[in-house]
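See structure below.
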Amino acid sequence: MTELAPVDVPAAHEIWNEYAAAHPRATAGEGPPSVERFGDNPALCEQLLGLVLDGTKTATSSLVAEYEHEGAPLPRIGSHWIACDSRGRPRAILRSTELRLGTIDSVDADFASDEGEDDRSRDSWLVEHEKFWRRSCAAIGIAWERELPIVFERFDVVWTAPADEHPETD
């Protein structure tokens, strides 16, 4: 599995500053948001980010243990975060619109569909997310358990980086 490039935090803060200047009410009192990416490998990252940028993916889910491992706070409704591509370049600013905590088995068909992945069914979501979280747990040194708490998040894309700033290269 190929490694993801480090995120470009200065570039992410630059697009945050552009967004904040254009939308001061939406960002009042909020410092630079977390800089993240989807997936754990370049192909998955690009696939999921593409679904976000084309409007198919409007939800995501993460293990609470991943936030704890990174020393990061859990998201809150109205908070922003920056999604980067596999090369670490910021591509979009997302705003959390709905959050809940639950376990893997608490996902419903609507949420699975809103994640926009695979065939968008709950069954597919369960299979693929368990595989992903098994890898995530191994990476942070914990055992996967179906009862681990998960953050279920819906979001809006509120800002995208201009396409010409992110040319496709081989």
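The values are calculated or read from the model by the stated rules, or taken from the named source; none is laboratory data. Note that the structure is predicted; figures quoted are calculated from it, not measured. Methodologically, a virtual Cβ is constructed for each residue, glycine included, from the backbone with ideal geometry; neighbour enumeration extends over all protein chains shown. These accessible areas exclude ligands, DNA and RNA; they are computed on the full protein's heavy atoms, side chains included. Shrake-Rupley method; radii C 1.70, N 1.55, O 1.52, S 1.80 Å.
The sole residue among W144, W159 that is modelled with pLDDT of 95 or more, in a strand (DSSP E or B) and of a type outside the set (S, T, N, Q) is W159.
Considered as a group, the residues in region 1-33 that are in contact with a helix residue (DSSP H, G or I) (Cβ under 7 Å, 6 or more places away or on another chain) and more than 16 Å from A92 (Cα to Cα) include one that is surrounded by the most Cβ atoms within 10 Å (Cβ to Cβ), and that residue is L4. Taking the criterion of being out of contact with any Pro (no Cβ under 6 Å at 6 or more places or on another chain) and aliphatic (A, V, I, L, M), the residues of region 100-138 that qualify are I104, V107, A109, A112, L126, V127, A138.
Selection of region 115-140 for residues being at pLDDT 95 or above, open to solvent by 70 Å² or more (accessible area, probe 1.4 Å) and touching a helix residue (DSSP H, G or I) at 6+ places or on another chain (Cβ under 6 Å) yields R120, R122. Among the residues of region 59-97, just one is hydroxyl-bearing (S, T, Y) and open to solvent by 50 Å² or more (accessible area, probe 1.4 Å), namely T97.
Within region 4-32, being under 13 Å from A83 (Cβ atoms) and not aromatic (F, W, Y) holds for L4, V7, D8, A11, A12, I15. Restricting attention to region 1-51, the residues that are under 19 Å from W159 (Cβ atoms), outside any loop (DSSP other than H, G, I, E, B) and over 14 Å from the mean Cα position of the chain (by Cα) total 18.
Scanning region 98-114 finds no residues that are open to solvent by less than 30 Å² (accessible area, probe 1.4 Å), under 12 Å from the mean Cα position of the chain (by Cα) and not acidic (D, E).
Only a single item in (1) of a type in the set (K, R); (2) within 16 Å of the chain's Cα centre (by Cα); (3) over 29 Å from W159 (Cβ atoms) is not met by K131, and it is number (2).
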